[in-house]
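Here's the structure, in C-alpha cells; my notes come after.
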Amino acid sequence: MIYHSYVFLMFFLPLLLLLNYMAFRNNIRRQNMLLLMASLFFYSWGEPRNVFIMLLCIGINWSYGYLCLTLDSQADRQTAFGGMNPAKLRKAAFVMTIIMDLGLLAFYKYTAFAISNMNRLLSADFSIPSLVLPAGISFFTFQALSYTIDVYRRTVPPQRKFSQIVLYISLFPQLMEGPIIRYGTIADELEDRRFNGDDFSSGISRFITGLGKKVLIANVMAQAADFAFDKAPGSLSVSAAWIGAAAYGLQIYFDFSGYSDMAIGLGKLFGFHFPENFNYPYMARSISEFWRRWHISLTTWFRDYVYIPMGGSRVNSKKRLILNLFAVWALTGLWHGASWTFVGWGMLFFILITLEKITGFGKWIARLPVISNLYMLTGVLLGWVLFRSSGEQHAIKYFMAMFGLNGNPLIGTDTYWLTAEYAFTWIIGVIGCLPIVKALNTKRFAGHVGITFVRWMILALITLLSIAAISGSDYNPFIYSNF
C-alpha cells in the first residue's frame, strides 16, 4: 500500500484514526495492538509473503535482546547455559545476530548481483534465482540492526515483549522508506503517548505537504527525467542532458522528502515524534554538508555504527581516514542497490568528501556563497546520473552527452521542450528547495492570523489538486521503496 492511493487516503487512514481516537483513546495497549495489526496489513498489501521475511528479521533481533535479559538477570553468576561465560555468550550471540541480519539482507538483495558478476568474471553460466526483493528490506534491517547494536552497547534496555519490537520496526508510517528510527527514540512513546491538538494539526499539515511534494512535483519532474534518461544519450543536447539530471534531482528530493514529511506527519497523528530526515540539502555549500542535510537518518546510522567505531576522523594517519571513508561510502552505495552504478555513486561521493576533508577544500569553498553551492550541485547532479542510469554503459554515455563528447549540440529542441513544458513545476520545485516555509514557521510568523489562514487555504488547495492528480495518474510508487 502507498500513501498517495485512494485506498489509503479514503479508507485505511480515516478508519484507523477513528478507531485510535474514539474506540481506544485511553487504552495504550489496545492502541498498540491496533497499530500493530494495521502496520502488518499495510505491509502485506499486494505481497503477503513479505511479512514473514520481516517477522523473521524481527524475531532474530528480539531473541538476542531476550537472551541479554536472561543473561543480565544471571549477572551474579560466573557461568550460564552449559557453563559458558555470560559475557562471552552475549558477544557470540551478538555476532551471530549481526551475521544473520546481514545474511538475510544479502540473500534477497545481492544474490543475483553476485552470481551475475561471477558469471561474467568466470565466463560461467550459473543460474540466477528469481528472488522478489521485499519492499523496504534495507530500512527494516537497519532498524533491527540498530536495536541489536544498542542493546549490545547497553545504551537501550532489551524489550521483553515481542509485540513491542514488531510494532517498533513495522510501524507503518516509517516502514517502507524511513526515517530509520532508533529504538531509544520512540521507546517511551511505545509505552505511553499523549495526544494533543497541536500534534494533530501539525501532523495533518505535514502529511499534506508531503503528499503535495510527491504528487504535484516529484511525479511531474519524473516525466521530464524519464524523457532525458530514456532517450538515447547521443541524441540529447548538452543542455538537455544537464536539465534531465536536474529534473531527476528534483524528482528524488521531493519524492523522498515528501515520503519523510508524510511519515513524520502520520507519526504525530498517532503520538510518535520521528526525527527530521531532510534539512534543505540543496542549500548546502559542500558535498560534506549536503550529506549532513540529506537522508539524515541513514547518514547518522553509518556514522554511529560504522564510521566512528572504525575511528572516524580521529585517527593518526590520513591512510586510515581514507580507509574509514572508503568503507562507509562503499557500504552506502551497496545499501542503495545491487548494481555497479550504485557502487560508482558511492565512490564518487567518497572521492569528493575525502578531498574536502584532507585538503580542507570543503571549508574553504563554503566561504564563497554562490560558487560553493554551484560546486555542490554539480557534484550531486553527477551522482544522480549514476543513481538514475540503467547501467554502467548508459551512465558513461549520459556523462558524455553532458560534456558534449558525443558531438551533440549545446542547445536543441529537447532543451526548449524540457523547460517550457514543465516551466511551472520547475519554478515551484526550485522554490520548494528554499527554506521559505521554515522561515514562516518561526515564532515571529507562527501566530499571525493572516499567515495561518493563508497557510491552511494553501494546504486545502494542495489536497484538492493532489486528489485530482491521483485520480488521473498511473501507479507510481516511491523511489526508495525499492531499497
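How do the pairs read when you match residues in the stretch 14-31 that are without any contact (Cβ under 8 Å) to a residue 60 or more places away in the chain with residues anywhere that are exposed (fewer than 12 other Cβ atoms within 10 Å of the Cβ), using Cβ under 9 Å and keeping only pairs 6 or more apart or on different chains?
Sorted first by the residue in the stretch 14-31, then by its partner, the pairs are Arg30/Ala23.
In the stretch 110-126, is there at least one residue being at pLDDT below 95, under 28 Å from Ile308 (Cβ atoms), of a type outside the set (Lys, Arg) and out of contact with any strand residue (DSSP E or B) (no Cβ under 6 Å at 6 or more places or on another chain)?
Among the residues of the stretch 110-126, at least one is at pLDDT below 95, under 28 Å from Ile308 (Cβ atoms), of a type outside the set (Lys, Arg) and out of contact with any strand residue (DSSP E or B) (no Cβ under 6 Å at 6 or more places or on another chain), which makes the answer yes.
Does Met221 count as among the aliphatic types (A, V, I, L, M), over 16 Å from the mean Cα position of the chain (by Cα) and under 30 Å from Ala460 (Cβ atoms)?
yes
Does Ile128 satisfy the criteria of being of a type in the set (Val, Ile, Thr), surrounded by 13 or more Cβ atoms within 10 Å (Cβ to Cβ) and over 30 Å from Trp45 (Cα atoms)?
No; evaluated as a whole, the condition is false for this residue.
Yes/no matrix, rows are residues, columns are (1) part of a loop (DSSP other than H, G, I, E, B); (2) within 15 Å of the chain's Cα centre (by Cα); (3) at pLDDT 95 or above; (4) over 22 Å from Met1 (Cβ atoms):
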{"site": "Phe172", "(1), (2), (3), (4)": "yes, yes, no, no"}
{"site": "Ser205", "(1), (2), (3), (4)": "no, no, no, yes"}
{"site": "Gly244", "(1), (2), (3), (4)": "no, no, yes, yes"}
{"site": "Tyr248", "(1), (2), (3), (4)": "no, no, yes, yes"}
{"site": "Tyr253", "(1), (2), (3), (4)": "no, yes, yes, yes"}
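Have a look at Ser317, Ser313, Ser297 and point out the one that is of a type in the set (Ser, Thr, Tyr) and buried (at least 20 other Cβ atoms within 10 Å of the Cβ).
Just one listed residue meets the conditions, Ser297.
Is it the case, given these coordinates, that Met100 is under 13 Å from Gly65 (Cα atoms), in a helix (DSSP H, G or I) and not hydroxyl-bearing (Ser, Thr, Tyr)?
no
Yes/no matrix, rows are residues, columns are (1) modelled with pLDDT under 70; (2) part of a helix (DSSP H, G or I); (3) more than 30 Å from Glu47 (Cα to Cα); (4) of a type outside the set (Val, Ile, Thr):
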position: Lys438; (1), (2), (3), (4): no, yes, yes, yes
position: Phe445; (1), (2), (3), (4): yes, yes, yes, yes
position: Thr452; (1), (2), (3), (4): no, yes, yes, no
position: Arg455; (1), (2), (3), (4): no, yes, yes, yes
position: Leu461; (1), (2), (3), (4): no, yes, yes, yes
position: Ser473; (1), (2), (3), (4): yes, no, no, yes
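So for the stretch 290-309 (the condition being small (Gly, Ala, Ser), under 19 Å from Thr141 (Cα atoms) and in contact with a Pro (Cβ under 9 Å, 6 or more places away or on another chain)), does at least one residue qualify?
For the stretch 290-309, residues small (Gly, Ala, Ser), under 19 Å from Thr141 (Cα atoms) and in contact with a Pro (Cβ under 9 Å, 6 or more places away or on another chain): present.
Which of the residues that make up the stretch 370-407 are polar (S, T, N, Q) and either buried (at least 21 other Cβ atoms within 10 Å of the Cβ) or under 28 Å from the mean Cα position of the chain (by Cα) (or both)?
Ser372, Asn373, Thr378, Ser389, Ser390, Gln393 - these are the residues of the stretch 370-407 that are polar (S, T, N, Q) and either buried (at least 21 other Cβ atoms within 10 Å of the Cβ) or under 28 Å from the mean Cα position of the chain (by Cα) (or both).
Here's a check for you: in the stretch 211-240, which residue that is out of contact with any Ser or Thr (no Cβ under 7 Å at 6 or more places or on another chain) and small (Gly, Ala, Ser) is surrounded by the fewest Cβ atoms within 10 Å (Cβ to Cβ)?
Filtering the stretch 211-240 for residues that are out of contact with any Ser or Thr (no Cβ under 7 Å at 6 or more places or on another chain) and small (Gly, Ala, Ser), the one surrounded by the fewest Cβ atoms within 10 Å (Cβ to Cβ) comes out as Ala232.
Could you look through the stretch 53-80, keep only residues that are of a type in the set (A, V, I, L, M, F, W, C) and loosely packed, with under 13 Cβ neighbours inside 10 Å, and pick out the one that is modelled with the lowest pLDDT?
Here the residue is Ala75.
What about Asp198, is it without any contact (Cβ under 8 Å) to a residue 24 or more places away in the chain and surrounded by fewer than 17 Cβ atoms within 10 Å (Cβ to Cβ)?
When the stated conditions are applied, Asp198 passes them.
The values are calculated or read from the model by the stated rules, or taken from the named source; none is laboratory data. The shown structure was predicted, so the numbers you read here are calculated from the model rather than taken from an experiment. Glycine gets a Cβ as well: all are built from the backbone with ideal geometry, and neighbour counts include every protein chain shown.
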